[in-house]
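The values are calculated or read from the model by the stated rules, or taken from the named source; none is laboratory data. The structure presented is a predicted model; accordingly, all values stated were derived computationally and were not measured. Every residue, glycine among them, receives a Cβ derived from its backbone with ideal geometry; neighbour counts consider all protein chains shown.
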There are 2 protein chains.
Amino acid sequence: MNRFTNLLSNWNNKPQYIVGIMTGTSLDGIDTALCRLQTIDNSITIELCHFMCSEYPTTMKENIVTLLNEPAPISMYSHIHHELSRVYAQCIRDLCTKSKYDMNSISAIGIHGQTLWHDPRQKNCTLQAGNGEVLAKILSIPVVSDFRSADVALGGTGAPLVPIFDKEYFSSDTDTNIAINIGGMANITVLPPRDSQTPIVACDTGPGNVLIDALCMKYYNIPFDNNGEYARNGFIIHEMLQELKSHLFYRTPLPKSTGREFFGQDYADYLCKTYANYPPNDLIRTVTELTAWHITDHIARLSNNPGTMIVAGGGKHNLFLMKRLKENMPQLSLCSSESFGINSDAKEAMCFAYLCYRTLSGLPSNIPSVTGASREAILGSISLP
Amino acid sequence: MNRFTNLLSNWNNKPQYIVGIMTGTSLDGIDTALCRLQTIDNSITIELCHFMCSEYPTTMKENIVTLLNEPAPISMYSHIHHELSRVYAQCIRDLCTKSKYDMNSISAIGIHGQTLWHDPRQKNCTLQAGNGEVLAKILSIPVVSDFRSADVALGGTGAPLVPIFDKEYFSSDTDTNIAINIGGMANITVLPPRDSQTPIVACDTGPGNVLIDALCMKYYNIPFDNNGEYARNGFIIHEMLQELKSHLFYRTPLPKSTGREFFGQDYADYLCKTYANYPPNDLIRTVTELTAWHITDHIARLSNNPGTMIVAGGGKHNLFLMKRLKENMPQLSLCSSESFGINSDAKEAMCFAYLCYRTLSGLPSNIPSVTGASREAILGSISLP
C-alpha cells in the first residue's frame, strides 16, 4: 500500500498476543480481552485467551458524567485523558495476575477509549478519552488508540467499526449472514458471501437493551430482564408499540447511528409516565418487541436472501428477545457468535485487539460503504513503548 | 532498543523532507518549517528549506482563548482538536504552493499542537489540541503528534523538549555552550562538551519578551521594542528591578518551567500601575534589564565554564537586550543560532521536524536530567497516512 505497510518486520510470521480494551457509552465497565492473533493464508485468526470486565473507579465515572453533561474546565478533560490510561494499565496488570500471563509477552494494546463526543455530521468530530502515549509508556507496550478520527476526517461517520471484524469472522462462502450486536443500542452488519462484489452495509437499528434495562430498574430495581422473563409474562401494548415505531430514526437512511441522545433515560421516563396505567411487564414486553422489530425490519430492508443471524452482546442472554427475533424471521437461522468461535460478551473488546493488529500490520479497517468515508484508511494512532 | 526501533526500513539511508509545525502559547501565529534531514555517521543533519508564519484564523483563536479561560462543553474541544488539524493542513498546502515544493515529497509532519493545559506536577497531565490522525489522513502524510504526554507519563515535566535539538546542533567538542531561546518566556540549555559525562540541564529562566511586548503595546501601541530602541533610551528603575528580581520563580529549583500564569498581562498591568510616575522607556528598560539578568544569572548558577551563548527566538532582534546579555557575561561569546546554521526564527518549528524524524527513526528525545522523567522515551504518537 505504501512504505509504511510492513512497518513491523516479522509481525505476521508468528502469533501476536494483543489486548483489546472497550469502554462503552453506558459507562457500565471496562472490558479487557487478551487475544492471540495470527495471519494465515491472508486470513487473521483470533483466539480469546482471557477476558475480564472491571468496574469504573467511582470518581472517574463521576468526572466522565460531568464532562458529558456540562461545561467543564479543559484541565478536567486533560486529567481524565491521562488518568483513564492509568486505569487501563491497572486492568491489564489485573488480567495478567489473574490469568498468570506474563505481561512481557503482550505485543500491543488496542484501546477504544471513552467516547466523550461523537458528532461526525454537524461538527465533523469525535473525541475519545484515554491517551495512548501514557498507556504505552507506563506499561512499555505499544498502543493503538483513537480509531474513529481517521474515518471522520475522511468524511465518514467514524462508526460502526466492527463490520471489518464481522466480515472476518462471520462471513459465509454462500450466504448473506447478519451479525447482530445487542448492547445499549442494537446494530447489524449485513455480510454478503465472501467473494461477492456486493458491498457490506451496517448500521445501528435502534435501542438494544437500554429501554428494557431502564424499565427493569424502575419497576423491579434490577438492571436487566433476566432471560427475558418479565417480557415473556407481559402483553404487547399496541398503542405504545405504534408510537415507538413511529420514531423518525427507523426511517432515516444509511449511514446512521444512534445513542442515548435519542433513546435514553428521558425516553424511558416518558414511556413510563405515558403508559402508567399498564402493568410493568406489558411495558417491558412492548419495548422488547420494539427491539426485535427494528432489528429484523432493518435486516429485511437491507438484505435479499440472508442466511444466519449471529448474535452477540448482552441482549443475547435475553432468551425471549432471541425467540422473537427468530419468530420474526423464520426463514433465517439464529445462533450466538459462540457458534463462530467468538465469545459474545467479549466481542467488542476482541474487536479492538483485532483492529490494533490490523493497524500494526498496515491494513485499513474502515469500510467506506458502511461509514461513507472517501477512502479506506489505517485506523488509529500508534504509540511506541 | 526494541523491535520497533527500525520501524521504517530505508528511512535513514536518504534525506527525508519533514515539516515541523509550532504553535506557541502566545497564539501569535503558526510557524511551519520544511526541513531536509539525514542521518550521517550517527549525526542528524538538518537544513531549512522553507519557513512560513501564518496568522491564526480569528474564530479559532477566539475559541482557543475561551477554552483556556473558562469552562466549556467538551464538544468545543473536540471541534478545535479536529479543526486545528485542518488549519495545519492548509498551512502546509500554502507553504508548498509558495515554495513550489511538491507535497508528495514530504515524508512526515511533526506537530507540537496548541497547548491547552500543562500541569505535570499537580494533575500529572498535559494537553495539546491538533489531532494527528486527522492531519495524516487529509494530507496522506504520516504525522507525529502529542510529544509531551510520554515524558509526563514517566514522571517528567514534559518540558522543555528543545534540549535534544540544542545538543545536536549547538554542542561543542571542548566548551560548555548555552543555547538561549527568547520567546514569550526565556529558556536556556546548558550543553556540556560533546563527550562529557556531565548531564545536560535546561529550564525556563523567566519572562522573555512578554513583559517588554506588553509595555510597548500599552505605551506605544506597537507589539515589540524594535531593535531595543525604547529600552536603550530609558533608565533602570532600581526599586522596580529589585521588586521584579524578588519573584519566587527565580529561586525555584530545577526542573522548572513557567508561563503566562505568572508573567502575563496581569503582571504587566500591575507594573504599569505601580510605576506609573516613571517615563515609559524607563519601565521598558527595567523589564529588559530583568530578562538579561535572569538569563545570565541562571547561566552563572548552572554552568562552570561556559563557552558561547547561542541565541534564538524573537528576542534575538532586540539588539539592546543582546548588548546587556554580553555585558553581563563578558567572558562568554555571544552569537545568534544562525552562526550554527539554524535560522533563529524557525528554530522551534525546526525542532518539531527534528523530533518527528527522531521518533520515526525509533530514537528517544526526552532528556531525563532535564525533565526528571524516569527514563528516556520515544516521544509522540504516530499516525499513518
Of all residues making up the stretch B:137-183, the number that are out of contact with any helix residue (DSSP H, G or I) (no Cβ under 8 Å at 6 or more places or on another chain) and assigned to a strand (DSSP E or B): 1
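Okay, residues lined up against (1) outside the structural domain of A:PRO364 (by TED's automatic domain parsing); (2) within 30 Å of A:ASP297 (Cα to Cα); (3) at pLDDT below 95:
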| position | (1), (2), (3) |
| --- | --- |
| A:HIS112 | no, yes, no |
| A:GLN122 | no, yes, yes |
| A:THR126 | no, yes, yes |
| A:LEU135 | no, no, no |
| A:VAL143 | no, no, no |
| A:ARG148 | no, yes, no |
Residue count, the stretch A:134-168 (criterion: under 15 Å from the mean Cα position of the chain (by Cα), farther than 21 Å from A:SER107 by Cα and either within 14 Å of chain B (Cβ to nearest Cβ) or not small (Gly, Ala, Ser) (or both)): 10
Hits in the stretch B:340-377 (condition: farther than 21 Å from B:SER257 by Cβ and over 19 Å from the mean Cα position of the chain (by Cα)): B:LEU360, B:SER361, B:GLY362, B:LEU363
Failed criterion for B:SER43 (all others in (1) touching a strand residue (DSSP E or B) at 6+ places or on another chain (Cβ under 9 Å); (2) on the phi < 0 side of the Ramachandran plot hold): (1)
Failed item, numbered, when A:ALA72 is tested on (1) at pLDDT 95 or above; (2) over 19 Å from A:ALA349 (Cα atoms); (3) crowded, with 19+ Cβ neighbours inside 10 Å: (3)
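Please work out if B:ILE310 is part of a helix (DSSP H, G or I) and not basic (Lys, Arg).
Details: part of a helix (DSSP H, G or I): no; not basic (Lys, Arg): yes.
In short, no.
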Verdict on A:GLU47 being of a type outside the set (A, V, I, L, M, F, W, C) and either closer than 26 Å to A:GLU261 by Cβ or buried (at least 19 other Cβ atoms within 10 Å of the Cβ) (or both): no
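Looking at the stretch B:10-61, which of its residues are among the hydrophobic types (A, V, I, L, M, F, W, C) and not in a strand (DSSP E or B)?
If we filter the stretch B:10-61 for residues that are among the hydrophobic types (A, V, I, L, M, F, W, C), which is where we start, we get B:11, B:18-19, B:21-22, B:27, B:30, B:33-35, B:37, B:40, B:44, B:46, B:48-49, B:51-53, B:60.
Passing the criteria: B:TRP11, B:LEU27, B:MET60.
Looking only at the stretch A:200-227, filter to residues that are among the β-branched types (Val, Ile, Thr) and closer than 24 Å to A:THR189 by Cβ; which one of those is surrounded by the most Cβ atoms within 10 Å (Cβ to Cβ)?
To start, the set of residues in the stretch A:200-227 that are among the β-branched types (Val, Ile, Thr) comprises A:200-201, A:205, A:210, A:212, A:222.
From what is left, the residues that are closer than 24 Å to A:THR189 by Cβ are A:200-201, A:205, A:210, A:212.
Working: A:ILE200: 19, A:VAL201: 20, A:THR205: 26, A:VAL210: 25, A:ILE212: 29.
So, considering only residues that are among the β-branched types (Val, Ile, Thr) and closer than 24 Å to A:THR189 by Cβ, the one surrounded by the most Cβ atoms within 10 Å (Cβ to Cβ) is A:ILE212.
Here is a check on your reading of the model: is A:LEU355 touching a His at 6+ places or on another chain (Cβ under 9 Å) and within 14 Å of chain B (Cβ to nearest Cβ)? Let's see the steps before the verdict.
Details: touching a His at 6+ places or on another chain (Cβ under 9 Å): yes; within 14 Å of chain B (Cβ to nearest Cβ): yes.
Yes; evaluated as a whole, the condition is true for this residue.
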Counted residues, the stretch B:94-116 - those being over 16 Å from the mean Cα position of the chain (by Cα), surrounded by fewer than 24 Cβ atoms within 10 Å (Cβ to Cβ) and within 12 Å of chain A (Cβ to nearest Cβ): 2
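Of the residues A:ILE18, A:ILE80, which single one is touching a strand residue (DSSP E or B) at 6+ places or on another chain (Cβ under 9 Å), within 14 Å of chain B (Cβ to nearest Cβ) and surrounded by 15 or more Cβ atoms within 10 Å (Cβ to Cβ)? Break it down into steps so the answer makes sense when it comes.
On the way: A:ILE18 fails: within 14 Å of chain B (Cβ to nearest Cβ).
Step by step, each of A:ILE18, A:ILE80 is checked, and only A:ILE80 is touching a strand residue (DSSP E or B) at 6+ places or on another chain (Cβ under 9 Å), within 14 Å of chain B (Cβ to nearest Cβ) and surrounded by 15 or more Cβ atoms within 10 Å (Cβ to Cβ).
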Residue ID - farthest from the other protein chains (Cβ to nearest Cβ), chosen from residues in the stretch A:50-69 that are crowded, with 17+ Cβ neighbours inside 10 Å, under 15 Å from A:GLY113 (Cα atoms) and among the aliphatic types (A, V, I, L, M): A:MET60
The stretch B:367-385: number of residues that are farther than 15 Å from B:THR157 by Cβ and within 7 Å of chain A (Cβ to nearest Cβ): 6
Sole exception among (1) surrounded by fewer than 17 Cβ atoms within 10 Å (Cβ to Cβ); (2) in a loop (DSSP other than H, G, I, E, B) for A:CYS272, by number: (2)
